[in-house]
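Colleague: Below is the structure I would like to discuss, written out as structure tokens.
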Amino acid sequence: MYDKKPKKDWLTAGVTAALGAGVVTTFAISQGQHPALALGITAFATIAALVVEQCLQLSKQ
């Protein structure tokens with residue numbers, strides 16, 4: 001009835017990571033960083049978070 005170990009899907013992890021990195025990206029752009037570089041950093045942070053999330057899920061099995 002109650003799942004004590006909820007399984008997060010990759011989409012949820014990706015959206016959460018992108019939102020977190022997006023806040024930092026917005027600040028960086030407001031300080032004068034080029035938008036393409038800031039978006040590249042956001043994309044890298046999102047992919048890194050997805051990889052870490054996947055590794056953590058595999059280590060629990």
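A short reminder: the numbers here are calculations on the coordinates, not readings from a lab. Fair warning: this is a prediction, and the values are worked out from it, not measured in the lab. Positions of Cβ are backbone-derived with ideal geometry, glycine not excepted, and every protein chain shown enters the neighbour counts.
Colleague: Using Cα-Cα distances under 8 Å and only pairs 6 or more residues apart, what relative contact order does the stretch 6-61 have, in percent?
Modeller: 46
Colleague: In nm, to one decimal, how far is the H34 label point from the V51 one, both placed 7 Å along Cα→Cβ?
Modeller: Here the answer is 2.3 nm between the modelled labels.
Colleague: Show that you can apply the helix-only estimate: for the chain, add -39,500 (n - 2.57) for every DSSP H stretch of four or more residues, divide by all residues, and state [θ] at 222 nm to the nearest 500.
Modeller: Taken over the chain, the calculation gives -27000 deg cm²/dmol.
Colleague: Would you calculate the separation in nanometres between label points at S59 and D9, each defined as 7 Å from the Cα along the Cα-to-beta-carbon direction?
Modeller: In this crude label model, S59 to D9 measures out at 2.6 nm.
Colleague: What's the angle, to the nearest 10 degrees (0 to 90), between helix 35-60's Cα axis and the longest principal axis of the chain?
Modeller: 10
Colleague: Compute the convex hull volume of the Cα atoms of the chain, divide it by the residue count, and report the result per residue in Å³ as a whole number.
Modeller: Measuring per residue, one finds 80 Å³ for the Cα hull of the chain.
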